[in-house]
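Here the structure comes first, spelled out in structure tokens, and everything after it is commentary.
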Amino acid sequence: MRVKRGLFIGALLALFLCCFHIMNQHYDELSRYQYADDENRKLILEYMTTEDINYLIDRQYKPEEFLEYLGMPHFDIRYVDWYNYAKGVGGMDDASILELVDTMKDQMSYSTFKVYCSNYSLTQLKSFYLEENAFVHDQTLISNPSSVTNKIEKNMTLFTYEPKDLVEVSGIPIVNQMQGKETIQLSQNAAKELVSMCNAAFEINEKTCGNMVVTTGYISFDTQEQLYEEALLTYGIDDVFAHVDYPGQSVYQLGNVVRLVVASVETTELQETEISPQQLWLIEHAHEYGFEFVNDPARPLEEFILQYHEELKKSNEEGDEAQ
């Protein structure tokens, strides 16, 4: 009896294994992928692992969302959204996009990646993450430059960031401190409000812009490099930062920071501890135009470094409406 039972169980096991083998030979890994067809099936099976296919089935990406990347170095189905977002930004071939994403994906979330892509070109991101640059060694690229206020930390950099809406400022006294530069640039809204503020400053002493002169606006990364190298030769490594910022760490690169100075004829009669009428006026009125002091307005200043904030301007306008 036991022998017959053993033979019966053995036969069932053999039948099960045989059926399993036959089913396994005919198993279709893509049976649950609704977009599978004769054209894409072979490619998917050739280039994707079972784990990849399971991820594809879970997400149900359409073939046109990923097929063009199959077989390329660095391809990973889990980052298809990254590839396609970067492709929508434009300016880089597919192979370079995959290489760039492969580097950036380990350092940030997808949402942060999109913020980077909205503030920097893909070429800039490739240069920062994949190419050598002496001025960005061991530094972190600032993802959202518009969030920066007053100061850039030494381990952070704007690299070659450039605001998209730079315009030349005109209609107010300008003496650009950059050699060879006759005008200055600022972001569009900052430039507009600076002109309005300068016009209003006439009330200080009935002189154009209150007898203040604009000397500095947007400074590019390339110009910062030049200034840094010149200052390094002139002052040496120990004193260079008393005169210039490290390239990529100047708030002037944001395009919303401006430097004003009072004409020397206005300051000759001031005592060292005396605050000028221009500084007093800016302390009272600069916020009305969206500007805040970067340097300390609580002490007498020879230069006024102001940063424009869109939110401050809107807040001031809402306050005026409420009154």
Roughly how many Å is it from the Cα centre of the range 277-320 to that of the range 96-149, as a whole number? 32
Quick one: what do you get for the range 69-214 if you divide its Cα Rg by 2.2 N^0.38 Å? 1.41
The chain: radius of gyration over Cα atoms, expressed as a fraction of 2.2 N^0.38 Å: 1.58
Rg and Dmax in Å for the range 166-322, alpha carbons only: what are they? 16.2, 55
Cα-based Kirkwood hydrodynamic radius, the range 102-161, one decimal, Å: 12.1
Over all pairs of different Cα atoms in the range 16-133, the reciprocal of the mean inverse distance gives a Kirkwood radius in Å of 16.0
How about K192: which lysines have a C-alpha closer than 24 Å to its C-alpha, ignoring those fewer than 8 places off in the same chain? K151, K164, K181, K207, K313, K314
Total lysine pairs under 20 Å (Cα atoms) in the range 16-133, excluding pairs fewer than 8 apart on one chain: 8
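Read-outs throughout are calculated quantities, based only on the coordinates presented, and are distinct from any laboratory measurement. No experiment lies behind these values; they were computed from the predicted model shown.
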